[in-house]
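The block underneath contains the structure these notes are about, expressed in structure tokens.
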């Protein structure tokens, strides 16, 4: 039991360090937020492991992407959490497109695979967009607040943030 507790503490410490690095790096709060949001979008999709490859391509091609924030998104939608996303995606897709004909939980067959995939992907894209918007707002506000508390936000950035907050409250 002590080994499990130690590994959990190490994981939490690693998450804290990554979060600190992402929030204090040289990128603007907007760059950190959209990098994290892009990562959440890619991670939410059923990419079957190719999402990490996409991360490396994006990190290589675009200098203004926060690599730390991009890769930190994997911590949010890790492989354990993705099963819940997939189940929710299929449920949402089925609500929008209707149930898969002649398929019950007891008699899942490969002949229903195309209809299942369409419902999964439809629901998944919708959830990915929702998660992306939430991730952007959360990462932006977290970055701004973290930097403000550390005195790293200039007066101009703080005023722009205030304007953004006023419009988002309406």
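Using Cβ counts within 10 Å as a stand-in for footprinting exposure, how do 91, 83 rank, fewest first?
83, 91
Given R₀ = 35 Å, FRET efficiency for residue 47-residue 148 by Cβ-Cβ distance, to 0.05?
The pair residue 47/residue 148 has a calculated efficiency of 0.50.
Where does each of 35-41, 46-52, 123-129 land if you order them by average Cβ count within 10 Å, highest first?
Result, highest mean Cβ count within 10 Å first: 35-41, 123-129, 46-52.
Most exposed first by the Cβ proxy, i.e. fewest other Cβ within 10 Å, how do 97, 70 rank?
97, 70
Can you put 82, 95 in order, fewest other beta carbons within 10 Å first?
Going from least to most buried by this count: 95, 82.
With the crude spin-label approximation of a point 7 Å out along Cα→Cβ, what separation in nm comes out for residue 121 versus residue 78?
Taking the two extended label points, one gets 3.0 nm.
Return the FRET efficiency for the residue pair residue 4, residue 86: r is the Cβ-Cβ distance, R0 is 30 Å, and the value is rounded to the nearest 0.05.
0.65
Using 0.36 nm per residue of separation minus the Cα-Cα distance, give me the extension gain between residue 54 and residue 14 in nm, one decimal.
Here the segment from residue 54 to residue 14 would lengthen by 12.1 nm.
At 0.36 nm per residue, and after removing the present C-alpha to C-alpha distance, how many nm does the segment from residue 97 to residue 62 gain when stretched out fully?
8.9 nm
Read the figures in this text as sums done on the coordinates, not as results from a lab. Given the structure is predicted, the values throughout are model-derived calculations rather than measurements. Heads up, the Cβs are rebuilt from the backbone with ideal geometry, glycines too, and the neighbour counts pull from every protein chain shown.
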